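Take a look at the structure set out below.
The values are calculated or read from the model by the stated rules, or taken from the named source; none is laboratory data. Computed from a predicted model, the values in this text were never measured in an experiment. Cβ placement follows ideal geometry from the backbone for every residue including glycine, while neighbour counts extend to all protein chains displayed. Heavy atoms of the whole protein, side chains included, go into the accessibility calculation; ligands, DNA and RNA do not. Shrake-Rupley method; radii C 1.70, N 1.55, O 1.52, S 1.80 Å.
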Amino acid sequence: MDYDVIVLGGGGAGLAAAAEAGAQGSSVLLLEAAGELGGSTRMSAGVFYAAETSVQRSAEVIDSVERMFTHYMALNQWFVEPALAMRFCAESGPTLEWLIKAGVDYPTEGLYQSGVDDTRRGHQCTGGGAALVQALADRAIEVGTEIRCGVRVRELAAEGNRVRGVRADGSVVRARAVVIATGGFGANADLLREYFPAALAHGPRWTNYFGSPTSRGDGITMARELGAQVVGQGYGMLNWTAGFSDEPADFCPSWIVFVNTSGQRFMAENAPYAVAGDLIQAQRESRCFAIMDEAARASSADANARRDQLGVGEYTWGAETIQRQYQAGRVIRADTLAELAELAAIEPNALQNTMAEYNEDARNGHDRRYLKAGELREVSSGPFYAIEVRASTFGNTFPGLRIDSDARVHDEAGAVIGGLFAAGEAAGGVMGPRYVGGGNSISNAIIFGRIAGASAARAALTGSATSP
């Protein structure tokens, strides 16, 4: 054998796997398709989702693995595998402490209640995803990992039902175990159509993937050739965006009002991004518009608002941005609500009734239907604006290879494929129909990356095809 363990992918999952396998005494080769390490983890904010951590204790947050598990399973309606979810929750705290020892800084003030969580489990690190990747890479190198970037592996080398290495650059590199940590398939339209068709439902004009361009599903494709099972079909988080933007705009002013073409509101417009896309996606048979009046538009100052990086630093809901997009024909404007309804093909009577009720709520300071928190403003001073929004941008995919709680890959018949392990977006079963909030995908990658690395090292040490 050339190596004990080969890790495919140099994002959070792959680096964690390499670091753990090397720490167990294995000789490790990590191959990354891109020219640099990091993948989607580098592009992230570096938030880690965990319970029973030293950071929580410092902030006097009372939490437990059992509480995290109960919330995680309930939110996903038990459409995730319980054993995987329990391992994820149980290892979250220890893995965060491992990252802290590796040099990642998680200040107490960075602890927050992310997404639709029931307590503060989102751990924001100093320096974001880039700092997280650097610490993981340093740790992997420290334990002897050999790293090669710019090498795309397309095929596993196998003997019978056991993986014996990989084929790269026309030659076979042999190993006792292989960890697939190649990320998801957001950059592969064919796999999106097969496993996550909702991402393409609105057509090319709206569809936008903002993850790593090397996330082409290579790991899933090569493992399927050996009979590996894929689970989690249809799962993934869709972020919503305005019709003139290619970026997710999930953080919007609380005074915006959403209506469908039936003229009805259907959500609290500033609902957590973890569920906002799903609420808008549920209106897929009916177009959805953000409604505002001139007073709201004019008072939304670009300089003081969150910017969504539209290529020129524009803020989606800024006064000047909306004016420019109207002039470009991407925003509908009319002097009255009735005229706006006609131009946007919204049911006019329902729209006017909806806005009359909302205006009354704004005057009373209470959203009677959706309990929206924050500033409520009347929509009463023309001209009026309608901006179409759709849930059509995404940064990760959730379907992946079926693994067990030791990260071993299983085939269609449920048998373990010897010597093959998977973690992160390449593995399915942990991420379900609902994204809990900030850190969910990063913690999944690093937690199961460590598990996969340790399992692969043990398999290499014992010589067992299936040993965890």
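Below are the figures for this structure:
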quantity: Whole-percent carbon and sulfur share, accessible surface of the chain, 1.4 Å; calculated: 47
quantity: Arg330-Asn364 pseudo-label distance in nm [points 7 Å out on the Cα-to-Cβ vector]; calculated: 3.8
quantity: Additional length obtainable on full extension of the chain from Gln113 to Ser380, 0.36 nm per residue less Cα span; calculated: 92.6 nm
quantity: For segment 70-80, Karplus couplings with θ = phi - 60° (6.51, -1.76, 1.60), whole Hz, Gly/Pro x; calculated: 4, 5, 4, 5, 5, 4, 8, 6, 6, 8, 10
quantity: For segment 71-135: relative contact order, % (alpha-carbon pairs under 8 angstrom, 6 or more apart); calculated: 24
quantity: Exposure of Glu360 as accessible area (Å², to 10), given a probe of 1.4 Å and all protein chains; calculated: 80
quantity: Label zone at Ser58, where the point sits 7 Å out along the Cα-to-Cβ direction: segment 117-145 residues whose backbone N lies under 20 Å; calculated: 119-136
quantity: Long-range amide H partners of Val7 with built H, under 5 Å; calculated: Leu29, Leu30, Leu31, Val179
quantity: Nonlocal amide H pairs with Arg164, under 5 Å, H built at 1.01 Å; calculated: Ala157, Ala158, Glu159
quantity: Mean separation of Cα contacts under 8 Å (6+ apart) over length of the chain, as relative contact order %; calculated: 24
quantity: Residue-by-residue Karplus 3J(HN,Hα) for segment 20-29, coefficients 6.51, -1.76, 1.60, Hz, glycine and proline x; calculated: 6, 5, x, 5, 7, x, 7, 7, 10, 10
quantity: Integer Hz, Karplus 6.51/-1.76/1.60 couplings in order for segment 434-440, x for Gly and Pro; calculated: 10, 8, 4, x, x, x, 4
quantity: Exposure rank, largest accessible area first [Trp78, Trp317; 1.4 Å]; calculated: Trp78, Trp317
quantity: For the chain, accessible area per residue (1.4 Å probe, heavy atoms of protein chains only), Å²; calculated: 38
quantity: For segment 350-371 and segment 124-170, distance of Cα centres in Å; calculated: 53
quantity: Loop GluC sites (Glu not before Pro), segment 44-74 (other Cβ atoms within 10 Å of the site Cβ: 11 or fewer; DSSP); calculated: Glu60
quantity: Long-range amide H partners of Gly243 with built H, under 5 Å; calculated: Glu388
